[in-house]
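S.K.: Submitted below is the structure of interest, expressed as structure tokens.
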Amino acid sequence: MTQSRLELAFPDGPPEGEVLFVGAAAADDLSPLDPDHLQILQGSFPDHDGLATRGYRVVVETEARFETAVVRLPRAKAAARARIADAAGRLAPGAALWIDGQKTDGVDSLLKELRKLAPVTDVHSKAHGKIFRVTLPEGDWLPDDWASRSTEVAPGFTTLPGVFSADGIDPGSRMLADHLPDKLPTRMIDLGAGWGWLSAQVLARKGVEVLHLVEADHAALESARRNVTDPRAKFHWADARDFRLPDPVNGIVMNPPFHEGRQADPKLGAAFIASAARLLTGAGKLWMVANRHLPYEAVLSQYFGQVHEIGGDTRFKIIEATAAGKGSASPKGSTAKGRRK
């Protein structure tokens with residue numbers, strides 16, 4: 001269980017009335033709050049699933065009103081402001097809006113901004129972060145541009161604050177698209193599809209009959225639904241590391257994440273690779289992009305019999321892999337017999 005700063009905000013027990021917590025993580029210690037009067041707003045599938053498993057009421061959107069709200073700050077400033085604006089809109093004047101965040105996620109900067117906009121009290125520091133109380137004033141006290149708004153980042157493509165590469169097309173995804181063949185397999189998956197730009201490039205190739213977009217960030221997936229209207233596209237809010245389909249596919253593209261918050265974690269990409277191998281037929285192909293410095297070749301060789309770099313530059317490498325289930329980690333003598341080709 002991850003320690004939290006909630007005990008500093010609520011030393012005398014849970015606040016009265018209904019409480020909204022925006023952005024709580026699966027491993028958070030939420031014991032200072034009453035679960036019977038707590039609703040959690042969480043769009044990250046792993047955290048949403050983890051909290052629901054623990055018995056909490058977790059939603060991806062809500063129209064309810066609350067007496068108190070707690071906002072956990074994300075990394076992106078625009079997303080942090082949007083969370084604050086959304087939570088404030090569900091409270092009455094005079095209610096307590098608690099802001100909780102790490103220094104590395106900009107809590108000090110937002111504390112300074114909010115002091116100029118509303119009464120701020122009960123500032124507590126702990127574990128390289130802060131939690132503080134904002135008492136909501138009457139009227140429209142937050143700047144209009146704090147509200148969440150979609151932004152057009154390429155012709156026909158919009159994003160929401162906080163999603164990966166919210167300001168434009170990710171250069172790694174662009175490079176991967178440039179190296180895809182003109183004709184692709186019939187049954188495809190985009191693992192970690194984001195807001196859908198790479199998926200749209202896949203659907204523009206010949207041969208594709210169905211493309212499954214798998215994305216753990218609910219806001220990104222909702223952007224993808226708006227951006228990719230091709231009827232061959234199927235959308236899945238899911239953790240790519242655990243995603244399952246009834247039948248294997250014969251093609252996967254992916255630009256896997258390699259950060260958990262601000263911490264680099266190549267194990268995320270390794271888990272994507274393992275998932276791709278499980279989802280593919282033996283004759284299927286994986287195309288992926290990765291940062292040049294990440295040592296994924298050894299992981300790929302564990303799960304795939306053939307691994308080749310087919311392009312790249314000093315920043316990125318494009319890798320094609322096939323023969324899933326015939327890598328060094330596969331059971332001796334395993335084959336892809338009996339699987340659909």
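S.K.: Any idea of the accessible area per residue across region 30-136, 1.4 Å probe, to the nearest Å²?
M.R.: Numbers: 4790 Å² over 107 residues.
For region 30-136, the per-residue accessible area is 45 Å².
S.K.: Continuing with this model, one more query. For the chain, give the magnitude of the charge dipole about the Cα centre (Cβ charges: +1 Lys/Arg, -1 Asp/Glu; no others), in debye to the nearest 20. Mind showing how you got there, number by number?
M.R.: Details: 42 positive and 43 negative charges, 337 e Å.
The calculated dipole for the chain is roughly 1620 debye.
S.K.: Taking the simple approach of a point 7 Å from Cα along Cα-to-Cβ for both Glu63 and Lys112, what is their distance in nm?
M.R.: 4.0 nm
S.K.: Once phi is turned into θ = phi - 60°, what whole-Hz ³J(HN,Hα) does the Karplus curve with 6.51, -1.76 and 1.60 give for every residue of region 133-150, x standing for Gly and Pro?
M.R.: Going residue by residue, I get 9, 10, 8, 5, x, 6, x, 8, 9, 9, x, 4, 7, 7, 5, 5, 9, 6 Hz, with x marking Gly and Pro.
S.K.: Of the heavy-atom accessible surface of region 42-197 (probe 1.4 angstrom), what whole percent is carbon and sulfur?
M.R.: Values: 3620 of 7330 Å².
Percent of accessible area from carbon and sulfur atoms in region 42-197: 49.
S.K.: Right, something else. Once you have the Cα-Cα distance between Arg174 and Thr186, take 0.36 nm times their residue separation minus that, and quote the gain in nm to one decimal.
M.R.: Numbers: separation 12, 0.36 × 12 = 4.32 nm, distance 2.15 nm.
Here the answer is 2.2 nm.
S.K.: Let me ask something additional. In the chain, with Lys and Arg counted as +1 and Asp and Glu as -1 at Cβ, which of these residues, Asn227, Ala76, Val253, has the Cα nearest the positive end of the dipole, that is, farthest along it?
M.R.: The listed residue farthest towards the positive side: Val253.
S.K.: Next question. Top mean-square fluctuation among Gly196, Gly94, Gly325, Gaussian network model of the chain, C-alpha springs under 10 Å?
M.R.: Gly94
S.K.: Given the pairs Lys112/Lys267; Lys126/Lys267; Lys267/Lys317; Lys206/Lys317; Lys206/Lys285, which span a C-alpha to C-alpha distance of over 27 angstrom in this model? Spell out each step's value before the answer.
M.R.: Details: Lys112/Lys267 36 Å; Lys126/Lys267 29 Å; Lys267/Lys317 18 Å; Lys206/Lys317 24 Å; Lys206/Lys285 16 Å.
Violating the 27 Å limit, Cα to Cα: Lys112/Lys267; Lys126/Lys267.
S.K.: Also, I was wondering about something else. Compute the separation of the alpha-carbon centres of region 1-38 and region 58-95 and state it in Å as a whole number.
M.R.: 14 Å
S.K.: Contact order normalised by length for the chain, with contacts defined as Cα pairs under 8 Å and 6 or more residues apart; what percent is it?
M.R.: On the way: 736 pairs, mean separation 37.8, N = 341.
Over the chain, the number comes to 11 percent.
S.K.: Where does each of Arg278, Arg187, Arg75 land when they are ordered by accessible area, with a 1.4 Å probe and the largest first?
M.R.: On the way: Arg278 85, Arg187 35, Arg75 120 Å².
Correct descending sequence by accessible area is Arg75, Arg278, Arg187.
S.K.: Taking 8 Å as the Cα distance limit and 6 or more residues as the minimum spacing, I'd like the relative contact order of region 22-104 as a percentage. Please report the intermediate quantities before stating the final value.
M.R.: Numbers: 111 pairs, mean separation 23.9, N = 83.
Contact order relative to length: 29 percent.
S.K.: Work out how much length Asp167 to Ser148 would gain on full extension: take 0.36 nm times their residue separation and subtract the Cα-Cα distance, in nm to one decimal.
M.R.: On the way: separation 19, 0.36 × 19 = 6.84 nm, distance 1.40 nm.
Here the segment from Asp167 to Ser148 would lengthen by 5.4 nm.
The values are calculated or read from the model by the stated rules, or taken from the named source; none is laboratory data. What you see is a predicted model, and the numbers here were worked out from it, not measured in a lab. Positions of Cβ are backbone-derived with ideal geometry, glycine not excepted, and every protein chain shown enters the neighbour counts. Ligands, DNA and RNA are stripped out before the accessible areas are found, and what is left, the full protein with its side chains, is counted by its heavy atoms. Shrake-Rupley method; radii C 1.70, N 1.55, O 1.52, S 1.80 Å.
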